[in-house]
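Engineer: Take a look at this one; I'll ask things after.
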There are 2 protein chains.
Amino acid sequence: MDLHPSPFAPEDFPQMDALDGFRPMSAAMGMKYQGRDDLLVVAMDEGTSVAGVYTKSKCCSAPVDWCKAHQEQGAARMLVVNAGNANAFTGSYGASSVKAVADAAAKLADCSPFEVFMASTGVIGEPMDPDFITMHMARLMEGGAGSLVDWHKAAAATMTTDTFLKVATASADIDGVGVTLHGIAKGSGMIAPDMATMLSFVFTDAPIDAPVLQALLSRHVETSFNAITVDSDTSTSDTLMAFASGAAKARGCAQISELDDGRLETFSEALSALLKDLAKLVVKDGEGVSKFLSITVEGAQSDEAAKRVALSIANSPLVKTAAAGEDANWGRVVMAVGKAGEMADRDKLSIWFGPMRLAHEGQRDPDYSEAAASEYMKNAEIDIRTDLGVGDGSATVWTCDLTHGYITINGDYRS
Amino acid sequence: MDLHPSPFAPEDFPQMDALDGFRPMSAAMGMKYQGRDDLLVVAMDEGTSVAGVYTKSKCCSAPVDWCKAHQEQGAARMLVVNAGNANAFTGSYGASSVKAVADAAAKLADCSPFEVFMASTGVIGEPMDPDFITMHMARLMEGGAGSLVDWHKAAAATMTTDTFLKVATASADIDGVGVTLHGIAKGSGMIAPDMATMLSFVFTDAPIDAPVLQALLSRHVETSFNAITVDSDTSTSDTLMAFASGAAKARGCAQISELDDGRLETFSEALSALLKDLAKLVVKDGEGVSKFLSITVEGAQSDEAAKRVALSIANSPLVKTAAAGEDANWGRVVMAVGKAGEMADRDKLSIWFGPMRLAHEGQRDPDYSEAAASEYMKNAEIDIRTDLGVGDGSATVWTCDLTHGYITINGDYRS
């Protein structure tokens, strides 16, 4: 299948220097893809803490089961990611594959298997032979510095239907010491579970205890990866993990063990911004994307209610096809507000497309201009804002349009 | 816009004789459409009882507000349906338009305005001038028998983006007297709120009190119109109403006033079958449809849970595009089960496409044949069945695939 690059593909990528405590390596296993790296191994220094957020799917993949079961102990020494096979819906064989990889990695890194974390993306329901991974992982670990790759190449090894590389970097200040956050992501479609699961990993040299890192990750995922949607479908494998090596301690930055530690402030902001950047990149590479939509709902009963209404708008096939057709069809926004199930009052509802108010107090705005609204819809990035007028809750989510490209990618081939 | 006829368009339509107590009439108002009837008026005998089920949208249309407010009194003398303008999100002007039509109809039929029921389908947010309707309605009512049309023509006057007429008829036996149920429907897409709202009306000569009729309608809507989805979007105007003239009393059939009256049995079955027929016709004319999908979920914790999982599968863009591509992609069914939020156990899950079991106990079926599964997907009607293995609840819903045709209809034009 020929994938057209997204029109939002960045022209250049941020520089990402080597990060103390992390040794990224990649290899071409040929598990499914040929002529490209499809295995990422990140070895980590002793003392690295870990946090994770995973798909809520009741049918999650074997590696997700593994990560959820073992992250509680808080320490990580290896991350192993493969592209081409999701190891999902693979029964007991799938679980034994993950264990085989973890055992092999533990021997190589001289750590507990429970300090090895895995993520897999690719075909669902296909048994995954762990030997591919263990063989190439051993070769990488034995190769020393010669096996190391930069973070761009690390990210590239995790891609499936992605049409561009997704990386971001940020920095923060703790105790007057600069720390770095590197993030990589893959995903193209909120998900297409047989090809395009969302995976993202954040690496930092900041010294932060696992429970604190977990609390920050759980907080900021709500306004980043949990605020995006491409097609409302949720992968069996979605995984977001953060690893903190603590290497910045060597530069005078003391360990942070409490969530209310004031020194966390710039780090928390940097993490939030980094996750938002990565999440938006996933949407901007949404399958078949031609428009990037920011959906803001204000005046809801609560922030949670606002988010549910925003997702109702963002997931509506009719709103998304209207965007694809450059149709300022605010009536479909009314429909999506109405069906969301949250408190709304038709006669208090206002809707803006960009700077233009199109609907106000339950009817078309008196100043509505079809020509101006249509002109606005020609933009590549479109802001849709709704005021429900029933409270103070607000939320923003991001999505893309629904195009012939999506149908072609997901329907016009036999996987 | 050129609408391709659905491949499921029936080759012929059931004969529908005149029905005692109802006088259907239609006219070409030219409100939006030209060269076709776009107004349906059904005058009804005194003593006709009424029941209705409406959209749950928080932003419902002015006619829905009117019908909900006045159906409690239980009696109906007129139904007025227009195509071309939905009178939705039209503020106080919309409410006054409905009142103007009801007042005019009440004068013509010598009844209370509260015995007049209205439904409108078409563009959203466009003020609807009631004079179009009142003028043509008066002409029809004054035309006597010369204004009468058959039920096929009555149904045709309510169509918008429908590519074929949707009618059904059934009969039942009460006190040894044959009674008739005629049903008409329009809708093409669960909804496209600016064009393709779902409206359906059932007319019967059976003598049934309004509360009993309401109870039957509310019960059977769950397994018919509330068990279909095209694109998960819910109209501001969806309306299903039933009218019982009681004319069969003249043939010796006594009034039914209790829901537990044993004489209701064949009527209840006939109503259920009629509503299912009409609901399936709406899906078979779903925007861009090429496949008709029956989704059955068994082994759920409850019937309600089964229905939520079935709708999660039926609304999944990835399941729907796979069907369009004739791809036996059972992994996407796993995904849709997993995201539904209902109790499921990956390792107890089984999935059948038609007669073939593709997945069993959390992994691909040992006897899985890609070739046979692909061959099955070439059928126009596809059955997907899932056993969750966690209880006794079951449900079936119907949907269509998601095709380039849907994108073209909803995205490739300026409405």
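Engineer: How high is the FRET efficiency between A:ASP12 and B:GLU222 when r is their beta carbon distance and R₀ equals 60 Å, given to the nearest 0.05? Let's see the in-between values first.
Structural biologist: On the way: r = 56 Å, r/R0 = 0.93.
Efficiency computed from Cβ-Cβ geometry: 0.60.
Engineer: What FRET efficiency comes out for B:GLU269 versus B:HIS4 if R0 is 56 angstrom and r is the Cβ-Cβ distance? Round to the nearest 0.05.
Structural biologist: On the way: r = 36 Å, r/R0 = 0.64.
Given R0 = 56 Å and the Cβ-Cβ separation, E is 0.95.
Engineer: Something else now. Can you pull the Rg over Rh of the range A:119-243, Cα-only, Kirkwood?
Structural biologist: Details: Rg = 16.3 Å, Rh = 16.4 Å.
Over the Cα atoms of the range A:119-243, Rg/Rh equals 0.99.
Engineer: Using Stokes-Einstein with the Kirkwood hydrodynamic radius over Cα pairs, what translational diffusion coefficient do you get for the protein assembly as shown at 25 °C and a viscosity of 0.890 mPa s, in µm²/s rounded to a whole number? Mind dumping the intermediate values first?
Structural biologist: On the way: Rh = 28.5 Å.
Answer, rounded: 86 µm²/s.
Engineer: Would you mind ranking B:TYR368, B:TYR406, A:TYR93 by Cβ crowding within 10 Å, fewest neighbours first? Before the final figure, lay out each step's value.
Structural biologist: Values: B:TYR368 17, B:TYR406 30, A:TYR93 14.
Result, fewest neighbours first: A:TYR93, B:TYR368, B:TYR406.
Engineer: Something else: In Å and from the alpha-carbon atoms only, list the Rg and Dmax of the range B:333-393.
Structural biologist: Looking at the range B:333-393, its Cα Rg and Dmax stand at 12.1, 32 Å.
Engineer: With N denoting the number of residues in the range A:32-106, provide Rg(C-alpha) divided by 2.2 N^0.38 Å, to two decimal places.
Structural biologist: Working: Rg = 13.1 Å, N = 75, 2.2 N^0.38 = 11.3 Å.
For the range A:32-106, the normalised Cα radius of gyration is 1.16.
Engineer: Let me ask something else about it. Once the piece of chain linking B:ASP150 and B:SER112 is laid out straight, how much longer is it, given 0.36 nm per residue of separation minus the C-alpha distance between them?
Structural biologist: Details: separation 38, 0.36 × 38 = 13.68 nm, distance 2.64 nm.
11.0 nm is the gain from fully extending B:ASP150 to B:SER112.
Engineer: How many nm separate the modelled label positions at A:ARG139 and B:ASP20, each set 7 Å beyond the Cα in the direction of the Cβ?
Structural biologist: Here the modelled spin labels are 8.7 nm apart.
Engineer: Okay, next question. Give me the three principal axis extents of the range B:216-261 from the C-alpha atoms, as integers in angstrom, largest value leading.
Structural biologist: Between the extreme Cα coordinates on each principal axis of the range B:216-261 lie 46, 21, 14 Å.
Engineer: Measuring nothing but label to label, 7 Å from Cα along Cα→Cβ, what are A:THR266's distances to the other copies in nm, shortest first?
Structural biologist: For A:THR266, the other copies' label points sit at 8.5 nm, shortest first.
Engineer: Relative contact order of the range A:295-340: what whole-number percent is it, with Cα pairs under 8 angstrom and at least 6 residues apart? Intermediate values should be presented prior to the final figure.
Structural biologist: Working: 32 pairs, mean separation 16.7, N = 46.
The normalised contact order for the range A:295-340 reaches 36 percent.
Engineer: Tally Lys/Arg at +1 and Asp/Glu at -1 over every other residue whose Cβ is under 10 Å from the Cβ of A:ASP392; what's the total? Spell out each step's value before the answer.
Structural biologist: Numbers: positive: none; negative: A:GLU298, A:ASP303.
Net charge around A:ASP392: -2.
Engineer: Using a basic spin-label model with each label point 7 Å from the Cα along Cα→Cβ, how many nm lie between B:ASP347 and A:ASP175?
Structural biologist: With each label point 7 Å from Cα toward Cβ, the separation is 4.5 nm.
Engineer: Let me ask something else about it. Shortest first, in nm, what separates the label point of A:TYR33 from those of the same position in the other copies (7 Å along Cα→Cβ)?
Structural biologist: 5.1
Engineer: 222 nm [θ] for the protein assembly as shown, helices only, -39500 (n - 2.57) per DSSP H run of 4+, per residue, to 500? Walk me through the numbers before you get to the answer.
Structural biologist: On the way: 22 runs with 250 residues, N = 830.
Here the helix-only value at 222 nm equals -9000 deg cm²/dmol.
Engineer: Based on the Kirkwood radius over alpha-carbon pairs, what value in µm²/s does the Stokes-Einstein equation return for the translational diffusion coefficient of the range A:177-292 at 37 °C and 0.692 mPa s? Don't jump to the answer; show the numbers that get you there.
Structural biologist: Working: Rh = 14.9 Å.
Rounded, D is 220 µm²/s.
Engineer: So, counting K/R as plus one and D/E as minus one, what does the shell of residues with Cβ under 12 Å around A:TYR368 add up to?
Structural biologist: On the way: positive: A:ARG357, A:ARG364; negative: A:ASP365, A:ASP367, A:GLU370, B:GLU126.
Neighbourhood net charge equals -2.
Engineer: Among all the aspartates and glutamates, which ones have a C-alpha under 13 Å from B:LYS348's C-alpha, if same-chain residues fewer than 8 places away are not counted?
Structural biologist: B:GLU298, B:GLU361, B:ASP365, B:ASP387
Engineer: So if the hydrodynamic radius of the range B:286-357 is defined as the Kirkwood radius over C-alpha pairs, what does Stokes-Einstein give as its diffusion coefficient at 25 °C and 0.890 mPa s, in µm² per second?
Structural biologist: Values: Rh = 12.7 Å.
In µm²/s, the coefficient is 193.
Engineer: Distances from B:ALA95 to the same residue in each other copy, label points 7 Å out along Cα→Cβ, in nm, shortest first?
Structural biologist: Sorted ascending, the copy-to-copy spacings read 6.0 nm.
Engineer: Sticking with this structure for a sec: How far is it, in nm, from the label point at B:PHE164 to the one at B:LEU259 when both lie 7 Å from their Cα along the line to the Cβ?
Structural biologist: 3.6 nm
Engineer: For peptide A:320-327, compute the average count of partner chain beta-carbon atoms within 10 Å of each residue's beta-carbon. Mind dumping the intermediate values first?
Structural biologist: Values: counts 5, 10, 7, 1, 4, 9, 3, 7.
Mean partner-chain Cβ count within 10 Å for A:320-327: 6.
Engineer: Another one. Identify all aspartates and glutamates with a Cα-Cα distance to B:LYS166 below 17 Å; exclude those on the same chain that are fewer than 8 residues away in sequence.
Structural biologist: Output for B:LYS166: B:GLU11, B:ASP12, B:ASP17, B:ASP37, B:ASP38, B:ASP150, B:ASP238, B:ASP277, B:ASP285, B:GLU287.
Engineer: Now for a different question. Considering only DSSP beta bridges with both partners in the protein assembly as shown, what is the antiparallel share in %, to the nearest 5? Mind dumping the intermediate values first?
Structural biologist: Details: 102 of 150 bridges.
If I count the DSSP bridges inside the protein assembly as shown, around 70 percent turn out antiparallel.
Engineer: Determine the percent antiparallel among the DSSP beta bridges restricted to the range B:22-282, to the nearest 5. Let's see the in-between values first.
Structural biologist: Numbers: 34 of 49 bridges.
The antiparallel fraction comes to roughly 70 percent.
Engineer: Then there is this: Please report, in whole Å³, the volume per residue of the convex hull around the C-alpha atoms of chain A.
Structural biologist: Working: hull volume 57.9 nm³, N = 415.
Roughly 140 Å³ of hull volume per residue.
Read the figures in this text as sums done on the coordinates, not as results from a lab. Just so it is clear, the structure is predicted and the values come from calculations on it, not from any experiment. All Cβ positions, glycine included, derive from the backbone under ideal geometry; neighbour counts span all protein chains shown.
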